[in-house]
1. Want the number for residue 60 to residue 82: 0.36 nm per residue separation, take away the alpha-carbon distance, what's left?
2. Can you tell me the order of 58-65, 141-148 when each peptide is scored by its average per-residue count of other Cβ atoms within 10 angstrom, highest first?
3. Quick check: net charge around residue 140, other residues with Cβ under 14 Å of its Cβ, Lys/Arg +1 and Asp/Glu -1?
4. If we count every other residue with Cβ under 9 angstrom of residue 226's Cβ, Lys/Arg +1 and Asp/Glu -1, where does the sum land?
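Any read-out appearing in this document is the output of simple, stated calculations on the displayed coordinates, not a laboratory observation. Because the structure is predicted, anything quoted here is derived from the model rather than measured. Here the Cβ positions follow ideal geometry from the backbone for every residue, glycine too, while neighbour counts run over all protein chains shown.
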Amino acid sequence: MVLGGVGLAAAALTGCGARGIVRHDLAGGSQAGLRRVLVVPADFVITEVTFGKTEERVVAAERRAAQTLAQQIKALGDRDASFDVVRFESLEADERETVLQHRALFATMVSQMLQVKQGAVDVWADKARYFDYTLGRGLADLARERQVDTAIFIVGKDKVRSLSRKVLDTINAVLPLGESLSSQPAAVVIGVVDMRSGDVLMFDSDTATRKSLTNDDDVRALGETVLSDFRRAVKARRGS
């Protein structure tokens, strides 16, 4: 997953209305898709910093966080009869591989989309109003064969401290014997993608320095935040 150096810590909450970026042709509530939604497993990278400052992947925690978020999205679909949730596991092996390749492609686009969302680059100001990012039409055949119109891609990153590292940092806070490692912000990014065209329909991100992707409640809280535009779009279509 490509999130390193993305500058996710700079992603701040915005005002009322859409908190992320919603594609202009969806902003008016004319959602043609969002009927059969493929929930793609989240790609979380969680590393643990040890006493000696080495970093190790915590694969079990990554899988647990992904499962927690998948259950959250499924529950959203169970409560809303306007769309069906398609399980990733129901796809054939080659189909799953194609979808995961597009999830990785989405991750490579995160850095630029974050800058568009935050208005960090003046020349991209129009992009926020006429958001036209796309993953291409590589999922079109799968969408047609499986009758799936939308996919939800979620990627995230977190850096946690081992128990020994926490003890050392606590000592350093009282007796500055060396460099202390403060908590790193947990980051979650979502993209809602039209599988037929590859267009990124919605994009959002959230970071939290006091939350961790190793905590189920924190994962759910971050998920609730980044899914807010998706819930709003579904509600708008129900009311239209």
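1. 4.5 nm
2. 58-65, 141-148
3. -2
4. -3
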